[in-house]
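So the structure is just underneath, and the comments pick up after that.
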Amino acid sequence: MHDAPHPRAIKIQPRPDGALTYLIEMEPEALPPVRVRDLAAAWDAARAAATAEAWGAPRFFRFRRADDSFTDLALADPDAGCWAAAVDRMVGLGSALGLSLCLRLLALVDLLAHARWAEKLFSLRRDGAEIDPALLHAVATVPLTRDARFDEIRVRASLSQARLPAPPPSPGPAPASPARPRAAAAPRGRSSAPGATP
């Protein structure tokens, strides 16, 4: 996963109690989309970390908004801390893309836990989970909300768009009509074919 340069830095401040505070000079809604394969890899890494009980430190995020107000987000839950730590080890949370990947992953977990309509789009197995590719694409690209969650209406709209049938191919230019051959003269004693030149 390659992070493009971003003019607004993310500052990370360790706390004496081991928690981490992130100061982000942008809004959650402005975090960039991520690649579907990176989101899928983050899901696998986080589930492996949870299985290994590799709990992470609490993390606190402060987003500066355009009007200089702030949006604060706390990941104090052990499970959320575990998943965030897994993404941090995989790509780091000090970049806009890394942070976006982490928050999209957690927002996906929240969506699957609360949206009844999403139940048919994933299945749990002993070796992991299978998530509908269209849902993965939606949550990788749909903007986050103010509180770093997903707007269900936008996610469902993206799913509907992904399931529309592909438009038919554009017709190419019509082939030029071949020149009509000139009719030959009919033999003497026979009538001419319709349209023939006598």
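The values are calculated or read from the model by the stated rules, or taken from the named source; none is laboratory data. For clarity, every value in this text was computed on a predicted model and none was experimentally measured. As a convention, Cβ positions derive from the backbone with ideal geometry for all residues, glycine included, and neighbour counts pool all protein chains shown.
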Checklist entry - So P133 clears everything in (1) within 27 Å of P14 (Cβ to Cβ); (2) touching a residue at least 40 places away in the same chain (Cβ under 8 Å) except one condition, right? Which one? => result (1)
Checklist entry - surrounded by 10 or more Cβ atoms within 10 Å (Cβ to Cβ), out of contact with any Pro (no Cβ under 7 Å at 6 or more places or on another chain), at pLDDT 65 or above and outside any helix (DSSP H, G or I) - does that describe any residue in the range 109-121? => result yes
Checklist entry - How many residues are of a type in the set (D, E, K, R) and not in a helix (DSSP H, G or I) if we restrict to the range 43-55? => result 1
Checklist entry - Between a first residue in the range 69-89 that is at negative phi and crowded, with 19+ Cβ neighbours inside 10 Å and a second residue that is part of a strand (DSSP E or B) and charged (D, E, K, R), which pairs have beta carbons less than 6 Å apart while being 6 or more apart in sequence or on different chains? => result L75/R59; A84/R59
Next on the checklist: Can you pull out every residue in the range 68-93 that is at pLDDT below 95 and acidic (D, E)?
Outcome noted: D68, D77, D79
Checklist entry - Any idea which residue in the range 2-19 is surrounded by the most Cβ atoms within 10 Å (Cβ to Cβ), counting only those that are more than 19 Å from P143 (Cα to Cα) and modelled with pLDDT under 90? => result A9
Checklist outcome for this item: All-but-one check, Y22 against (1) exposed (fewer than 15 other Cβ atoms within 10 Å of the Cβ); (2) closer than 20 Å to T145 by Cα; (3) of a type in the set (S, T, Y), failing number (1)
Next on the checklist: So for the range 32-42 (the condition being outside any helix (DSSP H, G or I), of a type in the set (D, E, K, R) and either without any contact (Cβ under 8 Å) to a residue 12 or more places away in the chain or surrounded by 20 or more Cβ atoms within 10 Å (Cβ to Cβ) (or both)), does at least one residue qualify?
Outcome noted: no
Checklist entry - Of the residues that sit in the range 56-68 and are in contact (Cβ under 8 Å) with a residue 12 or more places away in the chain and outside any strand (DSSP E or B), which one is nearest to A148 (Cα to Cα)? => result R65
Item to check | Lone unmet requirement of (1) free of Cβ contacts under 8 Å to residues at least 60 places away in the same chain; (2) within 18 Å of the chain's Cα centre (by Cα); (3) surrounded by 13 or more Cβ atoms within 10 Å (Cβ to Cβ) for L99 | outcome: (1)
Item to check | Restricting the range 83-108 to residues that are touching an Asp or Glu at 6+ places or on another chain (Cβ under 8 Å), assigned to a helix (DSSP H, G or I) and among the hydrophobic types (A, V, I, L, M, F, W, C), the residue that is nearest to V139 (Cα to Cα) | outcome: L101
